Amino acid sequence: MPYYVTTPIYYVNAAPHLGHAYTTIAADVLARHMRQRGEEVFFLTGTDEHGEPIAQAAEREGLTPQELVDRIAPRFQALMPELEVSNDFFIRTSDPQHEAKVQEILQRVYDAGHVYAGTYEGWYCPRCADFKTESEIAEGNTCPIHGIPLEWHEEDNWFFRLSAFQVPLERLYAERPDFVLPGVRYNEAVSFIRQGLDDVSLTRARLRWGVPVPWDENQVFYVWFDALLNYVTALSYARDGVDLTSEFWPARYHLIGKDILKFHCVYWPALLMAAGYEVPHRLFVHGYLLSEGEKMSKSLGNVLDPFEVMDKFGPDALRFYCLREVTFGQDGSVSTTGFEARYETELANDFGNLASRTIAMIGRYRDGTIPDAPVDPQLEPDFAGLGETVAARLDDADVTGALDEIWQRVRRLNRYVEERAPWQLAKDEARAGDLDVALRSLAEGLRVVTVLLHAYMPSTAERLLAALGRPALQLTTARYGAQPGGQPVEAIEPLFPKR
Ligand SMILES: [Zn+2]
């Protein structure tokens, strides 16, 4: 089954920061893992470029909105290769093809009778670009996300009949208890729907920076609807002359942060139903990376710069740390001291050291060739079903759980080194056979964990697999004992040197 995974498209009113990197890294792990399983994968990320905050920022800087987004979007695009992210396309909502497709789809929604003219009034957060319902207003009429005062807005515009999808949405959630993961977020979406859905404003009258409404020249589409549709429009033009929609839609996973749950878990499936599309298979809602307990964001000024971390330690260490330190789906704290501790104890000591020792001992005791001996059956229970377990975790987007499964085996292999003490075996000619078994088993275990870690730390895994004689990457080969002995190994520099 083709596998389509997306990140939210990132709003270009700020420079890229760790929050953007986080979702993208997690999506990349899923995409790379599914490719190792031989699936057809399409992985989408991109930038959200319309709306009032951009228009206002451009005006402040004396630029047109297009000039402003043309300046910032490339920084997000450049982030992807730096993070070793293997996205198949990068969408920008100012792409003319996206705009045309948005108009086509929303015209269809209009023609089907899901849109009507009305007057909107309510409290509005310009940063969220969203009207707030009663329960979403924080103390003193402020935005609970941004902490800024809300503005009273009144305007004539076009409404999407969201209330008509109350029953279909309730049915969808009743039929598909895993539509939104983790469960706490599913419950949040369900209770939002059960409160009763009001119709929502589909267009904006005062604004020019957006996709024009085809049936009303005085309006543009509300940026959220334009943005949500990227998940569908991208498939229609990502490949020249090919429409990938029928191959990849519905998406297998939309990964999102919890601050955009309402749009993705309520508005989005309703809009898709109105436009005659299937809803996605699943949405996974992750938490926040916190810095000393506060959400990390540009507007709060507590940004841990992913570029600095990558400059010093490389992208793989950043990828590992984000997914290892904070359980994907929950909130958790990240810090430079936490990063350095994991780098030292887990990357340099647990994994880097295992790789260096294993290869060095094969070099020293067996002339750089993995012995053609049987693998030690003692490690078999530790590795039995590991590939399947990792796959099952990642089917649920449990990127932290899968990584933990792999890491338990990294630690098991380190204990095995201590138990067997190959340097002792090497002193006794009569135990040459035992030494062969120990070295072959270590090489095999190391190969298996490295194949599985490839999705998390691609360039580190590439280097190590090259030193191990370039074994296959397919997930089916991640079985202890699957690769015969007799392969030459090559010495390598430390994978995670001291900094
Ligand atoms: Zn806000």
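The values are calculated or read from the model by the stated rules, or taken from the named source; none is laboratory data. These numbers were taken from a predicted model, which means no experiment stands behind them. Note that we place each Cβ from the backbone using ideal geometry, even for glycine, and neighbour counts take in every protein chain shown.
Overview of values
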read-out	value
Candidate set from segment 323-347 (those that are out of contact with any Phe, Trp or Tyr (no Cβ under 6 Å at 6 or more places or on another chain) and among the hydrophobic types (A, V, I, L, M, F, W, C)); member that is surrounded by the most Cβ atoms within 10 Å (Cβ to Cβ)	F328
Lone unmet requirement of (1) within 22 Å of C125 (Cβ to Cβ); (2) touching a helix residue (DSSP H, G or I) at 6+ places or on another chain (Cβ under 8 Å); (3) surrounded by fewer than 16 Cβ atoms within 10 Å (Cβ to Cβ) for P2	(1)
Cross-chain or 6+ apart pairs with Cβ under 8 Å, segment 414-425 first and assigned to a helix (DSSP H, G or I), then surrounded by 13 or more Cβ atoms within 10 Å (Cβ to Cβ) and among the hydroxyl-bearing types (S, T, Y)	Y416/S441; V417/T358; P422/Y365
Any hit, segment 269-285, residues being among the hydroxyl-bearing types (S, T, Y) and either surrounded by fewer than 20 Cβ atoms within 10 Å (Cβ to Cβ) or without any contact (Cβ under 8 Å) to a residue 60 or more places away in the chain (or both)	yes
Boolean, T142 is surrounded by fewer than 20 Cβ atoms within 10 Å (Cβ to Cβ), over 30 Å from K312 (Cα atoms), within 16 Å of the ligand (Cβ to nearest atom) and in contact (Cβ under 8 Å) with a residue 40 or more places away in the chain	no
Checklist (1) buried (at least 17 other Cβ atoms within 10 Å of the Cβ); (2) over 29 Å from the mean Cα position of the chain (by Cα); (3) away from the ligand (no atom under 16 Å from the Cβ) applied to R108, failing item	(1)
Options T369, T358, T345: the member that is modelled with pLDDT of 95 or more and within 13 Å of F496 (Cα to Cα)	T345
Residue tally, condition among the acidic types (D, E) and closer than 19 Å to R176 by Cβ, over segment 245-288	1
Checklist (1) touching a residue at least 40 places away in the same chain (Cβ under 8 Å); (2) exposed (fewer than 15 other Cβ atoms within 10 Å of the Cβ) applied to L403, failing item	(2)
Search result, residues across segment 211-236 that are part of a helix (DSSP H, G or I) and among the acidic types (D, E)	D226
Verdict on P371 being surrounded by fewer than 23 Cβ atoms within 10 Å (Cβ to Cβ) and either touching a residue at least 12 places away in the same chain (Cβ under 8 Å) or over 34 Å from the mean Cα position of the chain (by Cα) (or both)	yes
Count of residues meeting criterion [modelled with pLDDT under 85 and part of a loop (DSSP other than H, G, I, E, B)] in segment 128-139	3
Total residues in segment 162-183, condition surrounded by 14 or more Cβ atoms within 10 Å (Cβ to Cβ), more than 20 Å from V115 (Cβ to Cβ) and either among the aliphatic types (A, V, I, L, M) or within 16 Å of the ligand (Cβ to nearest atom) (or both)	3
Output for segment 145-161, where each listed residue is in contact (Cβ under 8 Å) with a residue 24 or more places away in the chain and either farther than 23 Å from Q219 by Cα or within 10 Å of the ligand (Cβ to nearest atom) (or both)	I145, H146, L150
Only one of L394, L435 that is modelled with pLDDT of 95 or more and farther than 29 Å from M310 by Cβ	L435
Scan of segment 326-356 for residues that are under 23 Å from H286 (Cα atoms) and among the aliphatic types (A, V, I, L, M), ordered by number	V326, V334
Top-ranked residue in segment 111-139 [being among the charged types (D, E, K, R) and either crowded, with 18+ Cβ neighbours inside 10 Å or touching a residue at least 12 places away in the same chain (Cβ under 8 Å) (or both); ranked as farthest from the ligand (Cβ to nearest atom)]	E121
Candidate set from segment 389-400 (those that are surrounded by 17 or more Cβ atoms within 10 Å (Cβ to Cβ) and part of a helix (DSSP H, G or I)); member that is nearest to the chain's Cα centre (by Cα)	V399
Residues of segment 196-213 classified as exposed (fewer than 15 other Cβ atoms within 10 Å of the Cβ) and at pLDDT 95 or above, total	1
